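Notes to accompany the following structure.
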């Protein structure tokens, strides 16, 4: 392992494998702490910290003879293999205690990321200075070119690893399968380093050391997958409640419930936001013989399922970015698309490129507990209004915390910059011990005639306009724009409540 092209190939492979782990880290953490700005910030920071510490140790090890350095590189790669394969077990064992012990969600994300992904990043950071030093020592007549080639190999490997993780490995192998492949790559590179450093003795040592990562990898593959389906976007879990006589299923995307469906009664709305998003459009369109609706986000598709069961005269279009979510709704949540038009694409882009107009547009897309930033801005609301027919209405699901209400205030302020009438609806009964609350924004040219919505599963009320004005007057808020929409910060600096 002294030829320059071999060293370049090894460096590129290590860099690619380490970036695959970084991408997988976000996906693996999602079922436990969500997929938010804070999750990715923690992942990137922890992985970079691991690389930095590894580079520093690797630099010290590189000061020895090439053979000793290669031997150290081999053991570092085997350690990277063990910690990568073991990340599955550390995460599943530590997630519950860490999240329970640390009430602050950001602290729990950082702590869990450190426990699980710092060790493999640390050991993966050791080879770079070792391999670079060997390249320079073994090619004294081409020191500059050798060093440049090693740096380029690291960069190109990182690029290829990122692309492979996002477009190939996770889609085809899932998170655990991807980590097993990375662990195998590290193990092969570790054994190759030991063999190159020690000949036959290296073969024996490497073969014995291979037992631990191999056993961990096989054990990781045999562990139950927390996801019913692991798609390109989400860890989708289907949770059964009730019994055969009263089937109820929850759709969990990453770590939050995004839909609940009753197998016997398709009109049953079992969540506050479901009650409002299903009932308020019917209330607003009661005098229409036929109307159209565009749904941003499908989830368990309980709203269109209920409308069809009620024989509501509505033409439904759904923009759901993840085809696997739609398939899960069909297979597990009793949804029958029928004549519904389903578009597997980003809703904002769809509304921007298509000239079709609708009577009702419903926003019910979430990334963690926050609406994606590009779906809450003044510019997006302007696009929505342009796609509404005269007299049309926009409804949007909003989650906020009662101790602050800055997100609600900001979204109302943003909507008021676009529509003349902006209402806030919420569930009539709310547990005061629960800090987090669900609201539905209703925006249009005119207010809703009624101020209450009653259903067999619960009731919703329109918050008095004076109360909404008081919220805006007493809470700091901003008008969200494409340039500035800090919803993650507004939601992320407190506990779940």
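FYI, it's all coordinate maths here, none of it is from the lab. What you see is a predicted model; the values in this text were computed from it and never measured. Neighbour counts run over all protein chains shown; Cβ positions are idealised from the backbone, glycine included.
Spacing of the modelled spin labels on residue 173 and residue 315, each 7 Å from Cα toward Cβ, amounts to 4.7 nm. Taking other C-beta atoms within 10 angstrom as a stand-in for reagent exposure, 427, 311, 67, 331 fall in the order 311, 331, 67, 427, fewest first. For the chain, the longest principal axis of the alpha carbon atoms and the long axis of helix 406-416 meet at an angle near 60°. Using 0.36 nm per residue and subtracting the Cα-Cα separation, the extra length available between residue 336 and residue 160 on full extension is 59.3 nm. Quick one: Debye curve from the C-alpha atoms of region 255-369, no solvent, what's log10 I(q)/I(0) at q = 0.10, 0.11, 0.17 Å⁻¹? Scattering profile of region 255-369, log10 relative to I(0): -0.26, -0.32, -0.81. For the Cα trace of region 116-155, dividing Rg by the Kirkwood Rh returns an Rg/Rh value of 1.12.
Using the Kirkwood formula over every pair of different C-alpha atoms, what hydrodynamic radius in Å results for region 266-492?
Working: mean 1/r = 0.0565 Å⁻¹.
One over the average 1/r among Cα pairs gives 17.7 Å for region 266-492.
When Rg and Dmax are taken over the Cα atoms of region 415-497, they come to 14.6, 43 Å. Per the Cα gyration tensor, region 51-102 maps to an equivalent ellipsoid with semi-axes of 32, 13, 5 Å, ordered largest to smallest.
Between residue 100 and residue 289, what length comes free when the chain is fully extended (0.36 nm per residue of separation minus the Cα-Cα distance, one decimal in nm)?
My answer for the length gained is 62.9 nm.
Annotation: Cα Rg of region 102-190 relative to the compact-globule expectation 2.2 N^0.38 Å equals 1.41. Rg then Dmax, both in Å and based on the Cα atoms of region 4-225: 17.4, 58. Taking the longest Cα principal axis of the chain as reference, the axis of helix 127-138 is set at about 40 degrees.
Helix-derived [θ] at 222 nm for the chain: sum -39500 (n - 2.57) over DSSP H runs of at least 4, divide by residue count, nearest 500? Kindly include the intermediate steps, with their values, before the conclusion.
Details: 16 runs with 272 residues, N = 497.
So the calculated ellipticity at 222 nm is -18500 deg cm²/dmol.
Counting every other Cβ atom within 10 Å of each residue's Cβ, 117, 169, 151 order from fewest to most as 151, 169, 117.
Ordering 308, 273, 288 from the fewest to the most neighbouring beta carbons within 10 Å gives 288, 308, 273. When you restrict to C-alpha pairs under 8 Å that are six or more residues apart and normalise by the size of region 4-225, the relative contact order lands at 37 percent. For region 235-331, the share of DSSP beta bridges that are antiparallel, to the nearest 5, is 65%. Principal-axis analysis of the Cα atoms of the chain puts helix 465-474 at an angle of about 40° to the longest axis. Looking at the chain, send over the antiparallel percent of its DSSP beta bridges, to the nearest 5. Percent antiparallel among DSSP bridges in the chain is about 65.
Shape summary: the chain maps onto an equivalent ellipsoid whose semi-axes, from the alpha-carbon gyration tensor, are 52, 23, 20 Å in decreasing order.
With bins 10 Å wide beginning at 0, the percent of Cα pairs of region 15-127 falling in each bin runs 15, 45, 26, 11, 3.
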